[in-house]
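Input: a single structure, listed below in structure tokens.
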Amino acid sequence: MKQPEPPHPAQSIAIDGPSASGKSSLARAVAQSLGWVHADTGSLYRAVAYALDRDNLLNAEEHELCNHVQTRTIQYAIHNGFTHVLLDGEDVTDRLRQEEIGRSASRISQIPCVREKLFRVQREIGCQGKVVMDGRDIGTVILPEATLKIFLVASPEVRADRRYLELLQKGSGRPRAEILADLAERDERDRNRPLAPLRQAPDALILDNSKMTIEESVQWILKKLPH
């Protein structure tokens, strides 16, 4: 008797890469083109950093920090195809883009209890299918079964320029040299953290978008997506 074929895995796209490579902007644009959901996993870590900062615990001992994190509820909510982050039921999405919160999120993402806390949240939405998820360990840890895996890169100078312009639009005038040094520090930390370090999945495609527009990058990805 012929065995039934296993169900086709839910379609998903995993986009990994270093800070300021344009992951979130590209993932959002790809999701819009496909009519899929965009899940910005970095926003979850930012929510943890935001919660700790608000409670003056960012510099607490790890055991104290972990105890506090375990008491918080962090969830995704989908509105019009976009994921919002709920912290204890409150939508804090619009409060998470400050540069300082991003730096703190990069640091606390190395803490095992934080990653374990957020793993299930990411897996739940990723396994629903028709989702574009970006981060640093999506193709290697969160969605190793993703339909398409992209490792997004750009030159350090281009990444620094992008972050500089982003901050300038927000009213912050940090020097490019300082931003470049900060990105190098983040890269080193992300690549060498003991748990789920930033690395290219063996079956991921490398996309260098240093000289590409978002639309060009979107079209590049759509052409690679199996049909």
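The values are calculated or read from the model by the stated rules, or taken from the named source; none is laboratory data. Quantities reported herein were computed from a predicted structural model and do not represent experimental measurements. Cβ: placed from backbone, ideal geometry, glycine included. Neighbour counts: every protein chain shown.
Per-residue answers, yes or no, for (1) touching a strand residue (DSSP E or B) at 6+ places or on another chain (Cβ under 8 Å); (2) of a type outside the set (Gly, Ala, Ser):
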| position | (1), (2) |
| --- | --- |
| Leu167 | no, yes |
| Gly171 | no, no |
| Arg174 | no, yes |
| Lys224 | yes, yes |
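Within segment 76-116, how many residues are part of a helix (DSSP H, G or I), over 20 Å from Asp137 (Cα atoms) and at pLDDT 90 or above?
3
Looking only at segment 104-154, count how many residues are over 30 Å from Arg54 (Cα atoms) and among the acidic types (Asp, Glu).
1
Can you name every residue in segment 26-49 that is crowded, with 18+ Cβ neighbours inside 10 Å and either in a strand (DSSP E or B) or among the hydroxyl-bearing types (Ser, Thr, Tyr) (or both)?
Passing the criteria: Val37, His38, Ala39, Asp40, Thr41, Ser43, Tyr45.
Quick grid of which residues meet (1) farther than 25 Å from Leu143 by Cβ; (2) of a type outside the set (Phe, Trp, Tyr); (3) touching a His at 6+ places or on another chain (Cβ under 7 Å); (4) loosely packed, with under 13 Cβ neighbours inside 10 Å:
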site: Glu178; (1), (2), (3), (4): yes, yes, no, yes
site: Arg191; (1), (2), (3), (4): no, yes, no, yes
site: Gln200; (1), (2), (3), (4): no, yes, no, no
site: Asp203; (1), (2), (3), (4): no, yes, no, yes
site: Thr213; (1), (2), (3), (4): yes, yes, no, yes
site: Gln219; (1), (2), (3), (4): no, yes, no, no
site: Leu222; (1), (2), (3), (4): no, yes, no, no
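Write out, first by first residue and then by second, each pair whose Cβ atoms fall under 6 Å of each other, whose residues are 6+ apart or on separate chains, and whose first residue, in segment 182-198, is in contact (Cβ under 8 Å) with a residue 40 or more places away in the chain and of a type outside the set (Gly, Ala, Ser) while the second is in a helix (DSSP H, G or I) and loosely packed, with under 13 Cβ neighbours inside 10 Å.
So the pair list comes out as Pro197/Arg191; Leu198/Arg191.
Taking the options Arg115, Arg120, name whichever one is over 12 Å from the mean Cα position of the chain (by Cα), among the basic types (Lys, Arg) and surrounded by fewer than 16 Cβ atoms within 10 Å (Cβ to Cβ).
Among Arg115, Arg120, only Arg120 is over 12 Å from the mean Cα position of the chain (by Cα), among the basic types (Lys, Arg) and surrounded by fewer than 16 Cβ atoms within 10 Å (Cβ to Cβ).
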